[in-house]
């Protein structure tokens with residue numbers, strides 16, 4: 001079956017409890033989400049008046065954080081069941097678009113930044129990055145947070161189908177090695193490319209241990225070799241002027 005059909009079916013299947021499946025609903029998960037949003041804002045140079053495209057917005061958790069900067073947000077997803085849950089309210093800076101990240105319905109060179117949380121690993125990354133490059137204006141930034149294949153749990157979860165199903169993954173999703181992500185961005189034409197491991201705070205961390213695990217995790221992120229097994233990668237690039 002086609003990967004995009006799988007993804008649409010997956011979105012429909014998890015829609016009622018998506019943020020729980022993704023690990024964002026627990027106390028630790030909420031803190032992870034806030035930090036991840038801050039990293040996307042920093043590395044994507046998301047700020048007041050900037051035209052920003054978020055691909056794979058899901059239920060809009062990160063859309064809300066990103067829009068708080070005053071950026072002009074266009075948020076998109078392939079799944080109607082997920083994007084239908086994005087709450088815009090009176091937030092006029094958020095515009096919803098149901099679209100395929102591999103065939104974006106936008107002219108070339110119209111966004112200052114393209115960002116996403118845990119989305120490239122659901123896509124054909126070469127195609128999605130080429131589209132991201134196309135819609136960025138010269139000097140525009142990309143920033144993605146993606147699962148790190150060197151993390152032991154991620155490696156098991158993404159490569160053993162029964163565990164993948166049990167943990168709520170879609171059939172075709174994957175994870176990235178850091179050096180693989182760098183090559184993908186360079187091949188798409190981006191410069192100033194980096195893929196930085198981060199995040200040792202597991203979403204199931206008990207509330208009483210969150211501060212301790214965060215402190216230890218920040219230390220681990222500074223240690224060569226140890227940091228390579230962090231749970232996530234922040235992947236960054238810039239379109240040449």
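Computed from the coordinates by the stated procedures, all read-outs in this text should not be read as laboratory data. On a predicted model such as this, the values are computed, not experimentally measured, just so you know. We place every Cβ from the backbone using ideal geometry, glycine too, and count neighbours over all the protein chains shown.
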Problem - Compactness of segment 3-238 - radius of gyration and Dmax, Cα, Å - result: 16.7, 49
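Test of understanding: what is the full-extension gain from residue 177 to residue 95, defined as 0.36 nm times their sequence separation minus their Cα-Cα distance? Provide the component values of the computation, followed by the final result.
On the way: separation 82, 0.36 × 82 = 29.52 nm, distance 3.26 nm.
Contour length minus Cα-Cα distance gives 26.3 nm.
How do 77, 84, 100 rank when sorted from fewest to most other Cβ atoms within 10 Å of their own Cβ?
Details: 77 29, 84 14, 100 17.
Starting with the residue having the fewest Cβ neighbours, the order is 84, 100, 77.
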Problem - Value of D in µm² per second that Stokes-Einstein yields for segment 134-241, Kirkwood Rh from Cα pairs, at 10 °C (1.306 mPa s) - result: 104 µm²/s
Completion exercise
Two pseudo-spin positions, 7 Å from Cα along C-beta at residue 21 and at residue 219, lie apart in nanometres by 3.7 nm
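In what order do 115, 216, 5 fall by count of nearby beta-carbon atoms within 10 Å, going from fewest to most?
Details: 115 33, 216 13, 5 9.
Least to most surrounded, the residues fall as 5, 216, 115.
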Problem - Candidates 160, 210, 94: whichever shows maximal mean-square fluctuation once the chain is modelled as a Gaussian network with Cα springs under 10 Å - result: 160
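I want the antiparallel fraction of DSSP beta bridges within the chain, as a percent rounded to 5.
Working: 13 of 33 bridges.
Taking every DSSP beta bridge with both residues in the chain, the antiparallel ones total about 40 percent.
222 nm [θ] for the chain, helices only, -39500 (n - 2.57) per DSSP H run of 4+, per residue, to 500? Please report the intermediate quantities before stating the final value.
Values: 10 runs with 91 residues, N = 241.
Rounded to the nearest 500, the figure is -10500 deg cm²/dmol.
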Exercise for the section: Kindly list the residues of segment 104-135 that lie in the label zone of residue 191, defined by a backbone N under 17 Å from the point 7 Å along the Cα-to-C-beta vector. Expected result: 133-134
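Given 37 °C and 0.692 mPa s, compute D for segment 1-46 with the Stokes-Einstein relation, Rh being the Kirkwood radius over Cα pairs; round to the nearest whole µm²/s.
Details: Rh = 12.3 Å.
Taking Rh from Cα pairs, D becomes 266 µm²/s.
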Fill in the blank from the handout: Rounded to the nearest whole number, the Stokes-Einstein translational diffusion coefficient of segment 67-170 at 4 °C and 1.567 mPa s (Kirkwood radius, C-alpha pairs) in µm²/s is 84 µm²/s
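Exposure proxy check: 61, 129, 204 ranked by fewest other beta carbons within 10 Å?
Result, fewest neighbours first: 204, 61, 129.
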